[in-house]
Amino acid sequence: MVRLPIAGSDRFYEIAPSKIVAVGLNYREHVKESQSFDHRKLDVPPEPVLFAKTPNVLVGPGEPIVIPAFLADYKFPEPRIDHESELAVIIGKRCKNVRAADALSYVYGYTCFNDVSQRNIQKSDTSGWFRGKSLDTFGPIGPVVVPASAIPDPQKLKVTCRLNGVVKQQGDTADMLFSVATLIEFISKHFTLEEGDIIATGTPSGVSPISHGDVVEVEISGIGVLKNPVVEEAKR
């Protein structure tokens, strides 16, 4: 469980979702760059691409992203783990079959999220993206939860990622293929969203590899900076 300050108050919010629903390929330029590590032609999706990240991925600001020691056993010729800066949506009340016009009224707040991804496993697993996206610590979140009332339009936010101080990703939520409201409508049609559930809304282009000793910063305008070091797990 991650405990984050609620912006504009002296209270805290406990991040303890029943599920994390993540969205892939939700920025046109990221669809293009994804072809380089997927090795197949990827079209702009006609509807949201959903996958799960499990709650064990969650870590807070300043906590390390841990590269598991077992990955070395695979002897990948070109091992690759990427950062992915994203806007996270926290659901405020149980909802099912929500209309897009009403969707934002079900949002409690927003924060930054890093959808850390092990690419070699992601592109090779027969079952899809689940395992490469759900390794322990592969979902830093924070640094605060901003109430929805303070962000009336989530499609007007700048998203930036810095790796060791160098800007790697710069995007705008206005460029999402599917808006936050559309995502809530689509997801709630398939699954009941519970209070506290998280939607990770996709990443802009510019994802790049991370390794031991790196520091990753995800910044979203109006929210703040989520900063996490990267470390390799000690071999046993």
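Pairs exceeding a 32 Å alpha-carbon distance, out of K32/K156; K156/K235; K96/K227; K123/K235; K32/K75; K19/K158: K156/K235; K96/K227.
Taking the longest Cα principal axis of the chain as reference, the axis of helix 28-38 is set at about 30 degrees. Helix-only arithmetic for the chain: the sum of -39500 (n - 2.57) across DSSP H runs with n ≥ 4, divided by the residue total, places the mean residue ellipticity at 222 nm at -4000 deg cm²/dmol.
Using mean Cβ contacts within 10 Å as the protection proxy, how do 6-14, 102-110, 131-139, 195-203 order, highest first? If you can, show how the numbers build up before the last one.
Working: 6-14: 12.7, 102-110: 19.0, 131-139: 21.2, 195-203: 24.0.
Sorting 6-14, 102-110, 131-139, 195-203 by mean packing, highest first, produces 195-203, 131-139, 102-110, 6-14.
Each Lys and Arg contributes +1 and each Asp and Glu -1, all at the Cβ; summed about the Cα centre of the chain, the dipole is approximately 300 debye. Taking a ≥ b ≥ c as the square roots of the eigenvalues of the Cα gyration tensor, segment 1-109 is oblate, since a/c reaches 1.5 or more and a/b is not larger than b/c.
Each of H30, V167, L157 was placed along the dipole of the chain (beta-carbon charges, centred on the mean Cα), and the one lying farthest toward the positive end is H30. The angle separating the long axis of helix 180-190 from the principal Cα axis of greatest extent in the chain is about 80 degrees.
How high is the relative contact order of segment 2-232, in percent, counting Cα pairs under 8 Å that sit 6 or more residues apart? Provide the component values of the computation, followed by the final result.
Numbers: 582 pairs, mean separation 73.4, N = 231.
About 32 percent, as a whole number.
Note on the chain: GNM, Cα springs under 10 Å; of V180, V44, V23, the largest mean-square fluctuation is that of V44. Available extension along the chain between E233 and D10 is 76.8 nm, counting 0.36 nm per residue and deducting the alpha carbon span.
Shape analysis of segment 125-236 places it in the oblate category; the axes a ≥ b ≥ c from the Cα gyration tensor give an a/c of at least 1.5, with a/b not above b/c.
Protection proxy ranking for 68-77, 221-230, using the average of other Cβ atoms within 10 Å per residue and placing the highest first: 221-230, 68-77. For the pair segment 121-168 and segment 193-236, the centres of their Cα atoms are 5 angstrom apart.
Inverting the pair-averaged 1/r between distinct Cα atoms of segment 2-232 gives 17.5 Å as its Kirkwood hydrodynamic radius.
Since every read-out is calculated from the coordinates, none of them should be taken as a lab result. Predicted model only: the values in this text are computed from it and were never measured. Reconstructed Cβ throughout: ideal geometry from the backbone, glycine too, with neighbour counts over all protein chains shown.
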